[in-house]
Every structure is written in structure tokens, then in C-alpha cells.
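See below for the structure under consideration.
The values are calculated or read from the model by the stated rules, or taken from the named source; none is laboratory data. Predicted model only: the values in this text are computed from it and were never measured. Note: ideal-geometry Cβ built from the backbone for every residue, glycine included; neighbour counts use all protein chains shown. We work out accessible area using only protein heavy atoms, side chains counted, and drop any ligands, DNA or RNA first. Shrake-Rupley method; radii C 1.70, N 1.55, O 1.52, S 1.80 Å.
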Amino acid sequence: MTRTVLSLNRNWLYCPHDEKAFAAPRSSTRGFTPVHLPHTNIELPLNYFSERRTQFVSWYRKTIPTPARPKGARVFVDFDGVMMVTEVHVNGRLIHTNRGGYVGFSVAVTELLKPATGAANLLAVRVDSRLQSDTPPCGKVMDFQTFGGIYRDVRLRVVPACFIDDLFVATPMPLAIRKTVKATATLRNTLADWEGTARLELLSIEGRTLAAGPDIACRVNANGTSAVELSLENLKGLALWDLDTPNLYRARVTLMAGNREHDRIEARFGFREAVFTKEGPFLLNGRPVKLSGLNRHQNYPYIGAAAPKRLQRRDADIIKFELGCNIMRTSHYPQSPHFLDRCDEIGLLVFEEAPGWGHIGDAIWKNLFCRDVEAMVLRDRNHPSIILWGVRVNESADDHDLYVRTNALSRKLDPTRPTGGVRWGINSEFLEDVFTANDYAYCPPKIINEPPITPYLITEYGCLDDARRT
């Protein structure tokens with residue numbers, strides 16, 4: 001079968017109150033109003049509002065028809081971002097709870113849907129937008145707003161019983177004249193043993209096939225996962241991704257069951273080399289580049305963080321073409337896939353970091369922070385614009401065990417990019433690959449974290465005026 005992905009952004013019902021009965025299919029819709037996603041749980045004034053205005057429990061409801069699907073196919077609802085604790089109900093049953101609002105999550109709904117194609121099913125989502133002390137980035141005061149609601153996209157995804165769960169594309173030695181593409185496809189099987197073949201293709205951004213690899217045999221045990229390694233070598237005539245020429249390509253992996261296409265997935269990527277040298281400049285494709293950028297929050301007037309695709313893309317354009325930046329930092333959490341896609345398209349470098357601000361919580365909190373690091377890297381590691389992973393809570397105290405863990409996790413999931421961890425001051429344990437620091441002292445030390453000499457990047461500087469009122 002060919003996988004199906006459908007947007008669920010349109011035609012929801014929303015209620016800013018909390019009643020258990022809202023999960024039931026036959027409960028009244030009195031008090032609900034029609035909305036579309038992305039959605040903020042409350043429309044805000046331009047300025048001078050309390051952060052408490054967004055911190056309450058609300059409900060979203062949507063009727064979804066049972067999709068047409070072959071026998072054994074699996075159905076998921078994918079959420080890109082819901083703030084802050086999410087309970088997902090299907091036809092009156094609670095099937096998933098997610099904590100944290102800055103990374104997406106998927107909910108398997110196959111068994112809860114009515115069997116007849118086109119039958120009406122109630123998807124009800126309880127959204128608790130209050131700050132949670134055991135959930136990053138919460139626990140103490142923060143210098144940014146979390147807002148609330150289902151503020152990013154939602155999709156319905158139908159895939160075969162054995163499907164491609166993830167695709168990671170790497171480009172070893174990208175500066176070589178003859179280039180190589182290596183792809184790791186993670187297969188997930190939800191039924192009996194599956195055997196077939198996998199093929200990797202290289203496509204232009206417009207979709208023209210440039211190269212195709214051989215069919216590689218693969219097998220996935222029942223209810224198991226397996227990774228298949230694919231490669232294309234000796235590729236000629238390919239252009240680099242750079243600031244002024246952000247050339248993009250598409251990698252396509254197709255699963256075949258005999259002569260029948262079973263599943264297919266694509267990922268955009270680019271050929272580029274980004275190096276933070278130990279004693280010297282940052283190099284992009286072997287050329288020194290002076291990094292000049294800013295920190296971005298996902299905040300907009302009136303709607304908080306609930307910005308649609310066109311506004312996310314417009315922000316990237318403003319940062320590069322109007323403000324003249326060549327890099328930006330996603331302070332202090334993973335941001336919209338639409339924004340990152342646009343950074344890829346226009347040649348804007350990105351330092352992406354996991355959610356946090358100054359505070360490290362208990363063991364539960366730390367486990368969720370590591371989950372956020374993992375989700376961030378898995379979601380975004382194909383973006384050529386991203387050159388650095390932030391695996392330390394912004395301006396936090398040292399925590400050796402936690403940051404050994406997050407650095408190891410990032411390096412395992414993506415050995416192609418360095419790690420950073422933003423601190424305020426230079427007297428902290430250095431476990432990352434790049435020493436990233438906020439400098440508000442205006443007197444940088446003559447010796448930075450020596451010995452040894454390490455790559456160094458200033459991640460914040462400037463005045464200390466409090467801009468939260470606006």
C-alpha cells in the first residue's frame with residue numbers, strides 16, 4: 001500500500017473549560033466554538049498581560065472518519081506540539097498522555113476506530129496548559145512565555161503493518177567531487193514477520209531521479225524493529241548547500257514486497273560540511289564564515305506561539321534578508337518544522353536546543369529532558385541548516401551525569417553534528433564539542449577554558465533590559 005497523510009488542522013471545536021464528560025461521543029457541544037489549528041487557548045492583548053492568562057485546562061474535539069485502509073494497516077494521529085500536558089481520547093477512551101509542549105508525539109489509534117470506512121469517530125483532546133514542575137522547561141521562573149493550546153499542526157497517518165518509521169540521511173565527505181549518500185531506514189513491524197527489499201533513490205528537489213541504488217533484502221521480526229543501511233556512491237554533478245546557494249536534494253526509500261510497493265518515505269537534505277575549528281574560524285564547506293545571528297522565540301502578537309506555516313516561514317526570511325543574519329538559535333526549545341524548512345531553503349544556519357531555562361528538576365524531569373533531546377535530534381537531523389545541537393539546559397548549573405547522558409544520546413543519534421550547551425560564565429564543566437556561552441560581562445577572558453583550546457561560540461550578548469512586557 002502507499003501511506004496516506006492527511007491534515008487534521010481544520011474544523012475543530014474548542015472549549016476553554018474542563019469537564020470529564022467532554023471525552024464522551026454523545027456529550028453536549030454547548031460552550032464549544034469552531035476553530036482551526038494552529039490555535040491558541042486564549043487570544044491575548046499585545047502587551048502587559050499576565051502569564052497566568054494562558055494557564056488553564058481546555059478541550060478540543062473533532063470528528064474524524066475511519067480512513068480506507070488495507071487489512072493490517074496502522075493509523076496514527078501525529079501532533080507537532082501541544083502545550084503542556086495532553087490527554088488524547090478516541091471514542092470516549094483515554095489512549096495517550098504526553099507531557100511537554102515543545103516536541104511532537106504520535107498516538108496509535110487503529111484499534112479504537114470504528115471498523116467501517118467513513119464511520120464517525122470522536123477525537124477529544126484535553127490540554128492542560130498550566131506550568132508543570134516536573135516537566136521541562138518548567139520548575140522555576142523562566143524569561144519566556146509557554147502559552148497554551150494545540151499550537152502546531154496535527155495529521156492523520158495511515159501506514160502498512162510493517163512501515164518505515166524513520167529515515168536518517170548522511171553525506172560523508174561532502175566536499176569530494178564524487179559524493180556519497182548514506183541512509184539508515186528504521187523499519188517498524190506491528191504484525192507477523194515481514195520480508196522484502198528496500199531501495200534508495202536520489203532525487204532533485206523538483207522530483208527528478210538522479211541516481212538509484214540496488215534492491216537490498218531486509219527482514220523484520222514480528223512486533224520488532226530493524227535498521228537497513230543503504231548507500232549511493234560515486235555521484236557526480238551535485239551542488240553544495242551553502243549560505244548563498246542552499247541546494248537541496250531528496251532521498252527516497254521504497255519498501256517492496258515482491259513486485260508490489262509496500263511503503264515509501266522521503267527526506268530533504270543537502271551536501272555541506274560545517275566545522276567549528278579548535279583555534280580559528282567556523283568553516284562552512286571549507287570557507288571561513290563569521291557567524292552573526294540572534295536568538296528567536298516562537299512568539300507572535302495576540303496568538304502567542306500558534307503561528308501558521310506562512311508566518312513561520314516569514315520569520316526566517318526576516319532574520320536573513322531584513323536583519324542580515326546568517327545563523328539563529330532556537331531559544332530555548334525546538335521550534336516549528338515550517339521554520340526549519342524555510343531555513344534550509346534560504347541558507348540560514350541554525351543552533352537548535354532542547355527545552356529549558358536555568359532549572360534542572362528531579363529524576364522524572366531529567367528523563368523528560370533526555371526524551372526531548374532525543375525527539376529533537378530524531379525529528380530534525382536531516383536539516384542541512386542545523387549545525388549544532390543544544391543538549392544542556394540554558395544557563396543551568398553543572399550536572400555531570402545528566403550532561404554526559406545528553407551528549408552521548410545526541411552523538412549516538414547523529415554523529416555528524418557537534419553538541420553545544422549554553423552557560424552563563426566560563427567556569428563550568430565542558431562536556432560538549434563547542435563551548436557555547438552567554439556574555440553579558442563585556443570583558444571576555446583572555447583565556448577561554450584552557451587547556452585545551454576548544455571551539456567557542458557566544459550565544460547571547462547585549463543589554464539586560466527586561467522585554468517581557470512586550
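Values as computed for the structure displayed
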{"item": "Hits in the stretch 403-430 (condition: without any contact (Cβ under 8 Å) to a residue 24 or more places away in the chain, assigned to a loop (DSSP other than H, G, I, E, B) and open to solvent by less than 60 Å² (accessible area, probe 1.4 Å))", "result": "G425, I426"}
{"item": "Check on T180, in contact with a strand residue (DSSP E or B) (Cβ under 7 Å, 6 or more places away or on another chain), open to solvent by less than 40 Å² (accessible area, probe 1.4 Å), modelled with pLDDT of 95 or more and hydroxyl-bearing (S, T, Y)", "result": "yes"}
{"item": "Every residue from the stretch 386-402 that is of a type outside the set (D, E, K, R), within 17 Å of L413 (Cα to Cα) and touching a strand residue (DSSP E or B) at 6+ places or on another chain (Cβ under 9 Å)", "result": "I386, I387, L388, W389, G390, V391"}
{"item": "Scope the stretch 149-164; condition in a loop (DSSP other than H, G, I, E, B) and over 18 Å from the mean Cα position of the chain (by Cα); matching residues", "result": "P160, A161"}
{"item": "Qualifying strands (runs of 3 or more DSSP E) (wholly inside the stretch 1-45; at least 2 residues being surrounded by 18 or more Cβ atoms within 10 Å (Cβ to Cβ) and modelled with pLDDT of 95 or more)", "result": "12-15"}
{"item": "Residue check for A211: part of a loop (DSSP other than H, G, I, E, B), more than 30 Å from V82 (Cβ to Cβ) and either at pLDDT 95 or above or open to solvent by less than 30 Å² (accessible area, probe 1.4 Å) (or both)", "result": "no"}
{"item": "Pair list, Cβ < 6 Å and 6+ apart or interchain, from the stretch 387-402 residues that are closer than 14 Å to V373 by Cβ to residues that are of a type in the set (F, W, Y) and open to solvent by less than 10 Å² (accessible area, probe 1.4 Å)", "result": "L388/F351; R392/Y403"}
{"item": "Hey, T117 more than 23 Å from W357 (Cβ to Cβ), buried (at least 16 other Cβ atoms within 10 Å of the Cβ), in contact with a strand residue (DSSP E or B) (Cβ under 8 Å, 6 or more places away or on another chain) and not aromatic (F, W, Y) or not", "result": "no"}
{"item": "Within the stretch 283-309, considering residues that are in a strand (DSSP E or B) and closer than 17 Å to C343 by Cβ, the one farthest from the chain's Cα centre (by Cα)", "result": "V289"}
{"item": "Tabulated pairs, the stretch 87-104, first free of Cβ contacts under 8 Å to residues at least 24 places away in the same chain, second open to solvent by 10 Å² or more (accessible area, probe 1.4 Å) and assigned to a strand (DSSP E or B), C-beta under 6 angstrom, 6+ apart or interchain", "result": "T97/E87; N98/F105"}
{"item": "Some residue of the stretch 60-81 being modelled with pLDDT under 95, among the basic types (K, R) and over 27 Å from P115 (Cα atoms)", "result": "no"}
{"item": "Any hit, the stretch 169-176, residues being closer than 30 Å to G286 by Cβ, under 20 Å from the mean Cα position of the chain (by Cα) and either crowded, with 19+ Cβ neighbours inside 10 Å or in contact (Cβ under 8 Å) with a residue 24 or more places away in the chain (or both)", "result": "yes"}
{"item": "Cβ pairs under 7 Å, 6+ apart, first in the stretch 6-34 and without any contact (Cβ under 8 Å) to a residue 12 or more places away in the chain, second hydroxyl-bearing (S, T, Y)", "result": "A21/S27"}
{"item": "Residues of the stretch 338-370 that turn out to be open to solvent by less than 30 Å² (accessible area, probe 1.4 Å) and not in a loop (DSSP other than H, G, I, E, B), as a count", "result": "14"}
{"item": "Selection count, the stretch 283-316, where residues are over 20 Å from I458 (Cβ atoms) and either open to solvent by less than 30 Å² (accessible area, probe 1.4 Å) or among the aromatic types (F, W, Y) (or both)", "result": "10"}
{"item": "Matching residues, the stretch 189-208, being of a type in the set (D, E) and either under 25 Å from the mean Cα position of the chain (by Cα) or surrounded by 17 or more Cβ atoms within 10 Å (Cβ to Cβ) (or both)", "result": "E201, E206"}
{"item": "Residue selected from the stretch 307-343 under the condition aliphatic (A, V, I, L, M) and touching a strand residue (DSSP E or B) at 6+ places or on another chain (Cβ under 6 Å), by the criterion nearest to D244 (Cα to Cα)", "result": "I327"}
{"item": "Any hit, the stretch 260-270, residues being under 30 Å from C162 (Cβ atoms), at pLDDT below 95 and either touching a helix residue (DSSP H, G or I) at 6+ places or on another chain (Cβ under 7 Å) or open to solvent by 50 Å² or more (accessible area, probe 1.4 Å) (or both)", "result": "yes"}
{"item": "Every residue from the stretch 56-81 that is within 27 Å of L187 (Cα to Cα), hydrophobic (A, V, I, L, M, F, W, C) and open to solvent by less than 40 Å² (accessible area, probe 1.4 Å)", "result": "A73, V75, F76, V77, F79"}
